[in-house]
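Working notes, beginning with the structure itself.
The values are calculated or read from the model by the stated rules, or taken from the named source; none is laboratory data. Keep in mind that this is a model prediction, so the values were computed, not measured. Backbone-built Cβ (ideal geometry, glycine too); neighbour counts: all protein chains shown. When the accessible area is computed, the model is the full protein with side chains, heavy atoms only, and any ligands, DNA or RNA have been set aside. Shrake-Rupley method; radii C 1.70, N 1.55, O 1.52, S 1.80 Å.
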Amino acid sequence: MSGPTGPENTKGQSGLFRAALLGLCPKCSEPTLFEAPARVAIECSGCGLAFGKYERGGRVSGLFTVVIAIILIMIAVAIESAFRPPLWLQAAFWAPVTVGAVIYSLRLFKTVLLYAAFENAKDTSE
Ligand SMILES: [Zn+2]
């Protein structure tokens, strides 16, 4: 609801982690960036910013998901061989952890790319 952002503009990594978690629009900071847990909305319902124009990570993010899944499987195998927990326990633990990690990583990945593209577009238009 505020106009152009003032000097307290949150930049840097912690700002991006928070933006990814809450799905904050780079322009108006409303939580409108994601329409699904890991899918970027077409445009901001707050300020009308066209996210689709800035989202370029579509093809790369599939590969990114695979890399995260492989890392998680390697951790799972390491825990398996170290502690030998029962299979039901592993399934109960890893299913939500995997889903959560992949979704959050995708959100973070897309947020970082989208914010970078937004910053670039802003610089060239001024
Ligand atoms: Zn917005």
Query - Difference of contour (0.36 nm per residue) and Cα-Cα distance, residue 43 to residue 78 - result: 8.4 nm
Query raised in the report: What does the accessible area of residue 18 come to, in Å² to the nearest 10, when a probe of 1.4 Å is used?
Result: 130 Å²
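Relative to the Cα centre, what is the charge dipole magnitude of region 12-125, using +1 at the beta carbon of each Lys and Arg, -1 at the beta carbon of each Asp and Glu, and rounding to the nearest 20 debye?
Details: 10 positive and 7 negative charges, 19 e Å.
So the dipole magnitude of region 12-125 works out to roughly 100 debye.
Would you work out if region 12-125 is rounded, prolate or oblate? Take a ≥ b ≥ c from the square roots of the eigenvalues of the alpha-carbon gyration tensor; rounded if a/c is under 1.5, else prolate when a/b is larger than b/c, oblate otherwise. Walk me through the intermediate numbers first.
Working: a/c = 2.97, a/b = 2.50, b/c = 1.19.
Verdict is prolate for region 12-125.
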